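Since every read-out is calculated from the coordinates, none of them should be taken as a lab result. Since we're looking at a predicted model, the values are computed, not measured. We place every Cβ from the backbone using ideal geometry, glycine too, and count neighbours over all the protein chains shown.
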Amino acid sequence: MFALPQKESKAPTTCPGPASTQDLDSNHGDGLERECSRKPDWKLPEFCGVGDPTATASSDSSHLSSRGSIIKWFWDSAEEGYRTYHMDEYDEDKNPSGIINMGTSENKLCFDLLSRRVSPGAPLEMLPSLVQCPGWRGHCSLREEVARFLSFYCKSPAPLKPENVVVLNGCASLFSALATVLCEVGEAFLIPAPYYGAITQHVYLYGGVQLVCVYLDSEVTGLDTRPFQLTVEKLEMALQRANFEGVKVKGLILINPQNPLGDIYSPGELRDYLEFAKRHKLHVMVDEVYMLSVFEKSAGYHSVLSLEGLPDPQRTHVMWATSKDFGMSGLRFGTLYTENRDVATAVASLCRYHGLSGLVQYQMAQLLRDHDWINQVYLPENHARLKAAHTYVAGELRALGIPFLGRGAGFFIWVDLRKYLPEATFKEEMLLWRRFLDNKVLLSCGKAFQCKEPGWFRLVFSDKAHRLCLGMQRVRQVLEGKSQVPDDPASCQSQESGNQRSGGETPPAVL
Amino acid sequence: MSHRLGTFRMPSAQMRGQGLRNQRIHTHLMEMMLHLKQTIEKNLMHLTTRHLQQDLVLEEQRHSQAASEQEALLGRLMYQLVNLLQSGAMGGLGLQPSCPSLDVRRDVRGGQWAQSSRQPDWPVHQLSDLEATFVSQHLSSRGIDISALYHSSFQDYKIYQRDKYHEDKNTMGFINLGLSENKLCLDLMTERLSQSDMNYIEDALLQYPDWRGQPFLREEVARFLTYYCKVPDQLDPENVVVLNGCSSVFSTLAMVLCDPGEAFLIPAPFYGGFAFSACLYSKVELILVHLDSEVTDANPHPFQLTVDKLEQALLEARLTGKKVRGLILINPQNPLGDVYSRDSLQEYLEFAKKYHLHVIIDEIYMLSVFDEFITFHSVLSMESLPDPSRTHVIWGTSKDFGISGFRFGVLYTHNREVASAVSSFGYLHGISGIAQHKLCRLLQDREWIDKVYLPTYRSRLQIAHGYMTKKLEALGIPFLNRGSGLYIWMNLKMYLDPCTFEEELLLHRRFLDNKLILSRGRTYMCKEPGWFRITFADKPLLLKQAMHRFYQVLSEQKQDLIMKQLENAQRE
C-alpha cells in the first residue's frame, strides 16, 4: 500500500530514507530497505526487487503489522543520535563534558523574552470554554488573530481571511494532513534537495506519500548565480523523470527561507516556480516557518502571500508556525493558509487527530496579537542575537578555512566539509559525523537532508555563547584531528578570548 | 458484504431456543472448517511462492492475483458450506435470510467499515455518497472521503456550535445531550487550573519534547495509573506514550498493529469514534460482535458480552478471509455503561490470547464510576495478564476530568515494540509542553483529586443520574440503569412504527427540530433500531429544560403514532 522506493540506483529521483525527527542524526535508506525486503506482502513499486517470500512465515514473531514495522523503523533510526544526546546532554554545571547539540534547529536565544511574554494563563472566566471540546479547526479568535498576523508580517496586498486559516499542532501535522488529502497512496511531491529531512516521515507515516527530489548542485554552472540554486529547468527535469518512472507527482514543496541552505527566494524566482507548478497543475506547499528569522535586512524576504495575483491561488498552500520564529518548538502550534476551501475543510476534518489544547490556543492568540512587543522588543532583539551568533560561527569557520553557505536567514549554516572526507562517500560522511558525536558535539550530516554530495553538514548556531563556543571548539578538534584532547571548560574561556583577539569576531552577547 | 455478514447472524429468536449447547457444536464445526481452509491456504501459498521464485515481477503479480481470486472463491464456497452445516446444527431451520435491518443500504454502516479485502487500498468510497454533493477537483479521493465522512459525522455538532443553548442569552438554542462531555465540575477544574502552580514556563517546555511525552509527565502518568488502577507493581514510565487525545492513540495503534484491510473485533453497540478513527487514517475494518438487548438463558443480561459471541464473530470473520488482529474493549462501556467484572475481563483476555489477538482496552471512563456498589477493575490491576505483550490500555483526561479541550491521551503497553512504533507518530500528535506541565500538576495533586474532585464529581453524577432516571421511569421508558459513565442507554422502540432505522432517524430529527440533540443507536452500530444515548452530566437547570423538550417530542411522536395506527385501521 505504501509505495516505498527501494534501490537508490534504480530510482535515482526518489528519496530512500527519512531524515530523523529533528534531523539530529544521519540516516541511511538501508534500514528501511531491509524492512521492506523482510516483508514481502508489503506492496513495493514495480522497480523494486522482490523480497524473499519465505520470510513471511518467519516474521510473525513480531507483534506489529508490516507497515507497523516500517513505522517503527523511523523511531528507532531517529533515536540513534537523539538518544545518545539525551543520555549525555551538556549542562554547564552538572555535565560540562556532555554533548553539545548543534544539530537540532531550535532557537535558544530568546527564552528569556518569551517566557516572560507567554506565561500568563487564561483568565478564569475564559477557562470553561477553553478546557472543553474545541472547534476542530482552531478557536475562532485564534484564527482571526492568525489572519491578522499573517496579513501584516507577510505583507499581503489584501487582508487575509480567518476562514482560510486552519490551526493545528505543528507543521509536521500539516504536511501529513496535506499529503493525505491531496495525494493517493504512492503518489508524490517534488522537493528541492537538500531539504529538511523530517518531511519524508511526515508525508509518509499516514499519507504513504513519497518525495521526489530535485537534486541541486553545489557547483555553480550555466546560468546559475549561486550554489544549490533552484531553477525551473531542474524542476522540469525532475518532474519529467518522475513521470517517466510512473510516479505521479501531485505537488511541489518549497521551503522559504530554505532549510538547510538558508536561501531566500526572490519574488521573481518564486513566481517562476509557481508558474511552473501551474503549468503542470501541481499544488505548491510553501513552508515559511523561518519567515521572521531573516536577520540580515539586506536579504529582502518575500512571503508567497505578498505576491500580487498568485498564479494559481487554489493550489497554493502556505504553512507557518511559531516553532522557529518564536523559538517554541515545544508549543506545537502550526497554521495553514489556503484560499482553497475544499483543502481547508479536508485538513480541518483531520484536526480531531492533530488538535492543540484550547488553553494554548488562547495563549497563542494573545502572543500574536501583540504586534507592538513583537516589532519593538522581540524581533529586533532576536535578530540581533541571531546575527551575533551567526557572525561568531562564520568567523570560526573562516578561520578554519571551511567554505560554507549562510545567507542571513534561519538558525544554521550549511558547511562544506568535503575536504575532510578521505573518499567522497556517505559512509565517510557518517564516520565523520560519528567522530563529531564521539567528541561530544552533535551535528546533522548532509545525508539527512538528502544532499546528493557527501560531505555537507548543517551547523546550528542559535544557541547561547558558551555552548556555541564549546561546540565550535569541539568541531575544530575533530577537524584538526585532535579530538582525543579531553574537554576542559576552562580552555573554552581562553579560547573565547583568543578568538576575540585573533579573528576580531565577538561571540554573541546573549543571556 | 453486508449480506455475507448478515446470513451468518442468527436471528436472536431462534438462537434463544437452542441454548448454549448448539453454539458449542457449531463453534467446533467452524473451527474444523477453519483448519481445513488454513491447510488449503498454505498449499496455495506454496504455489505462489514457487511462482515468485521462478518468474518475473509482473508475472508474479498476475499469479498472486489469480491465487487470491482462487482463494476468495474457495472462501465463498466454504462459506456456503458452513452456512448449510450451521443451519443443520441449529435444528434444520434452513438458510436464514439476513437480518431485515441489515438489508437497508443506509443502515449497513457496519458493513461499510467491513469491506472486502479485494477492494483497493482505501475502501471508503461508498461513504462519499452519504454526502454525494462533496466533490472537489483538488482533493485526492481519500481527501474527499475524509471531508465527507467528517461532514456526515459531525453535522449535529456543527448546528449546535452555531446555536448553543444559553440560560440567559439563548434559551431557544440547541441543548446537546448527544455529546458525552462532563460539564458537572467545570467550576472545580477552572479553579484548580487557575492556581499559580499551573502557569509555569521554562525553556524545556518550549523546546522540542521527547516525542513520547515529556519524561516528567510520563512518570506522573505511570504513578497515577498505578494508584488509580490499583496495579500490583509500579508501572514503568517507559511503557507510557502520551499523545494529543485518545483518538490519536487509537489511530496510531490501528496503524502499527494492522495493515490496511485487516480488522479488529469490537462488541456493538460501541462508541462511534472508533469507527471514525479506524476508517479515517488506518483503513482498518471493524468486525462487529453484535449484542442483544433481550434477556435469555444465553444472554443473562441485556447486551452481555460473552466469549461465545466473540468466538463466533471471530471465526465467521476468519472464514470470510478476514485477518483479525485484535479486540477492542471499552470499560466502563460506552454507550451501555457496563463495567466488566474481573472474571469477565479475564475470560475476554484469555479468549484473545487463545487466538493471538491484541486487546486494545479503552478505560477512559475509569474514574467516572459513581455507584459505590460497583467496583471497576482496570485491566492493569490484574495479577498476571494472560498476554501482556498484546494488551494495550488507553486512558485520557477528557471524560474523567471533563477537559476534552486539553487534547491528552495515554497509551500504556508492556510491548516496547508497539510503544516505539506508536512513538514515531509523536511528531504528528504532540501536545504542547505548557499543557504537559499543567496535566502533570493536575495528576500529581492526589490530595485534591481524592478529597475534593472525585467525591464532588461522583456525587454530582449520582444526583444528575438520579434525576434523569426518575424522569425516564415516569415516562415508562426502558433504560439500562448503570452506575458509570456520563450517559444513559435507553430504548425508545415503542415510539417507532415500524421499528426501523429510518424511523429512528426521523425521531432523531424530531428531537433536533425541538432543539435537543441526542445520539441514536445507529451511530453506535447497534443492531436493534430504537436505542438512544442521552448524556446526563450537565447542570440541573439545563437537564430540566432538556427533559421538557424530550417530553414534548415524545408526546408529539405518540400522537402521530396513534394517528397513523388509526389511519391504517380505517384503511383496512
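Listing for the model above:
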quantity: 10 Å Cβ neighbours from other chains, averaged over peptide B:201-213; calculated: 6
quantity: For region B:427-572, alpha-carbon Rg over 2.2 N^0.38 Å; calculated: 1.38
quantity: Scattering profile of region A:363-466 at q = 0.11, 0.12, 0.15 Å⁻¹ [log10 I(q)/I(0), Debye over alpha-carbon scatterers]; calculated: -0.45, -0.52, -0.71
quantity: Peptides ranked, highest mean first, by Cβ atoms within 10 Å: ranges A:439-452, B:196-209, A:388-401, A:182-195; calculated: A:439-452, A:182-195, A:388-401, B:196-209
quantity: Dimensionless Rg ratio for region B:195-445, taking C-alpha atoms and the 2.2 N^0.38 Å reference; calculated: 1.01
quantity: Shielding of B:185-191 by partner chains, average beta-carbon count, 10 Å; calculated: 3
quantity: P(r) of region B:210-278 over all Cα-Cα pairs, binned every 10 Å from zero, in whole percent; calculated: 17, 37, 34, 12
quantity: Alpha carbon convex hull of region B:358-462, volume per residue in cubic angstrom; calculated: 123
quantity: Of B:F408, B:Q462, B:T397, farthest towards positive along the dipole that unit charges on Lys, Arg, Asp, Glu beta carbons give region B:396-469; calculated: B:Q462
quantity: Added length on full extension, which subtracts the Cα-Cα distance from 0.36 nm per residue, B:L566 to B:D445; calculated: 37.3 nm
quantity: Burial ranking of peptide ranges B:239-250, B:515-526, A:263-274 (average Cβ count within 10 Å, highest at the top); calculated: B:239-250, B:515-526, A:263-274
quantity: Built amide H within the under 5 Å cut-off of A:K452, gap 5+; calculated: A:L216
quantity: Additional length obtainable on full extension of the chain from B:H301 to B:Y355, 0.36 nm per residue less Cα span; calculated: 16.9 nm
quantity: Per-residue average of Cβ from other chains inside 10 Å of B:192-199; calculated: 3
quantity: Volume in Å³ per residue [convex hull over Cα atoms, computed for region A:284-342]; calculated: 82
quantity: Entries in B:K323/B:K354; B:K169/B:K438; B:K471/B:K515; A:K324/A:K464; B:K164/B:K564; B:K283/B:K323 that, when Cα-Cα distance is taken, lie over 25 Å; calculated: B:K169/B:K438; B:K164/B:K564
quantity: Cα Rg, Dmax (largest Cα-Cα span) when computed across region A:193-331, Å; calculated: 15.1, 44
quantity: Over region B:298-415, relative contact order from alpha-carbon pairs under 8 Å, at least 6 apart, %; calculated: 22
quantity: A:E428 paired with A:K278, simple spin-label distance in nm, labels 7 Å along Cα-to-beta-carbon; calculated: 4.6
quantity: Mean projection area, nm², convex hull over Cα of region A:128-370; calculated: 12.8
